[in-house]
Ligand SMILES: Nc1ncnc2c1ncn2[C@@H]1O[C@H](COP(=O)(O)OP(=O)(O)OP(=O)(O)O)[C@@H](O)[C@H]1O
Ligand SMILES: O=P(O)(O)OC[C@H]1O[C@H](OP(=O)(O)OP(=O)(O)O)[C@H](O)[C@@H]1O
């Protein structure tokens, strides 16, 4: 029985594959990947699917992949019904509310919030009981307040240099983010032994990192 793993394209995928390779789960196809999206290790009975980061929860929730690696940001936004099994400890950053340095929220009107993460933003401001007008963007979110599209943004902050370069400042931290291992609920039951073995091996590897 093969174990199907959804790896995100980009930074988290590279780091995840590095760990899996160290554990002996490499795939020659991955190293010369060209435009291919499926990579196999026949001996270890592993199949990798290379997917867009924001699609990892979809593949895992639907069972097309048994397990996957995804940023906590993407996982929170997706609300996917999967097991979040392990904090992998890399891809660290945080969700924050940021605003122009001179912005003062006087609570006189709805706060206009631009973000890629509308579910995360909605839930955060609902908890604070602050009414908002939510604007969904797909990138370059920091531009929003600079051109009066929004009052504030909800976005990922890592070093803070993007905020600084755009005269914005972090006002409120929402939560910490890092890469997570997620597992399909049925797979966890039916492929329990192989999944638990892999989790144990990954835990050992990230501890040594
Ligand atoms: N500074 C950062 N900016 C964005 N993501 C970061 C940062 N630091 C860590 N991450 C993590 O990396 C993930 C995104 O990785 P990457 O930027 O490679 O994906 P992407 O393919 O560009 O995503 P998308 O297609 O959504 O733009 C995020 O989901 C987050 O968990
Ligand atoms: O705090 P920093 O270290 O500056 O990192 C944070 C920036 O990185 C991400 O953008 P990304 O490069 O993924 O582009 P995006 O605008 O398309 O989301 C994020 O959306 C911030 O803009």
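Taking the conditions (1) more than 11 Å from ligand 1 (Cβ to nearest atom); (2) surrounded by fewer than 20 Cβ atoms within 10 Å (Cβ to Cβ); (3) under 21 Å from residue 14 (Cβ atoms) in turn, residue 55 satisfies each one other than (1). Residue pairs whose Cβ atoms lie under 9 Å apart, sitting 6 or more positions apart in sequence or on different chains, and linking a residue in region 137-149 that is at negative phi to a partner that is more than 7 Å from ligand 2 (Cβ to nearest atom) and part of a helix (DSSP H, G or I), are 137/143; 137/144; 142/165; 149/143.
We did not get these values from a lab; they are worked out from the coordinates using the rules stated. Everything quoted here is computed from the prediction, not taken from an experiment. Backbone-built Cβ (ideal geometry, glycine too); neighbour counts: all protein chains shown.
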